[in-house]
Amino acid sequence: MNFLFYIFSSLLLISGIMVIQARNPVHSVLFLILVFFNAAGLLVLLGLDFFAMIFPLKVDCEILVRNCIQ
């Protein structure tokens with residue numbers, strides 16, 4: 001369990017840094033999606049399965065709607 005926590009948290013931090021440093025906006029969005037799924041993995045480890053299922057869907061759909069409106 002601790003091993004999975006360290007994997008998810010390190011990938012979350014690396015992906016978060018890559019969101020900021022990516023020069024291509026498409027790559028930045030892909031790293032952002034990876035951040036959301038790693039956060040969902042941490043929520044699964046905490047036993048919050050429903051939030052882990054809803055969190056990436058809600059945030060990804062929100063990003064799509066904001067980009068379509070502009």
Within the set of pairs 6+ apart or on separate chains, which have a first residue in the stretch 59-70 that is part of a helix (DSSP H, G or I), a second that is of a type outside the set (Val, Ile, Thr) and modelled with pLDDT of 75 or more, and C-beta atoms under 6 Å apart? 59/36
Mind checking which residues of the stretch 9-49 are over 22 Å from residue 62 (Cβ atoms) and open to solvent by less than 70 Å² (accessible area, probe 1.4 Å)? 9, 10, 45, 47
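May I ask you to say which residue of 33, 54 is over 17 Å from residue 4 (Cβ atoms) and in contact with a helix residue (DSSP H, G or I) (Cβ under 8 Å, 6 or more places away or on another chain)?
Values: 54 fails: in contact with a helix residue (DSSP H, G or I) (Cβ under 8 Å, 6 or more places away or on another chain).
Result: 33 is the single residue among 33, 54 that is over 17 Å from residue 4 (Cβ atoms) and in contact with a helix residue (DSSP H, G or I) (Cβ under 8 Å, 6 or more places away or on another chain).
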Return yes when residue 38 is assigned to a helix (DSSP H, G or I) and more than 13 Å from the chain's Cα centre (by Cα) and no when it is not. no
Condition broken by residue 1, with the remaining ones in (1) under 20 Å from residue 52 (Cβ atoms); (2) surrounded by 12 or more Cβ atoms within 10 Å (Cβ to Cβ) satisfied: (2)
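The values are calculated or read from the model by the stated rules, or taken from the named source; none is laboratory data. As the structure is a computational prediction, the values presented were derived from the model and not from experiment. Every residue, glycine as well, gets a Cβ built from its backbone with ideal geometry; the counts of neighbours run over all protein chains shown. Surface accessibility is based on the protein's heavy atoms, side chains included, excluding ligands, DNA and RNA. Shrake-Rupley method; radii C 1.70, N 1.55, O 1.52, S 1.80 Å.
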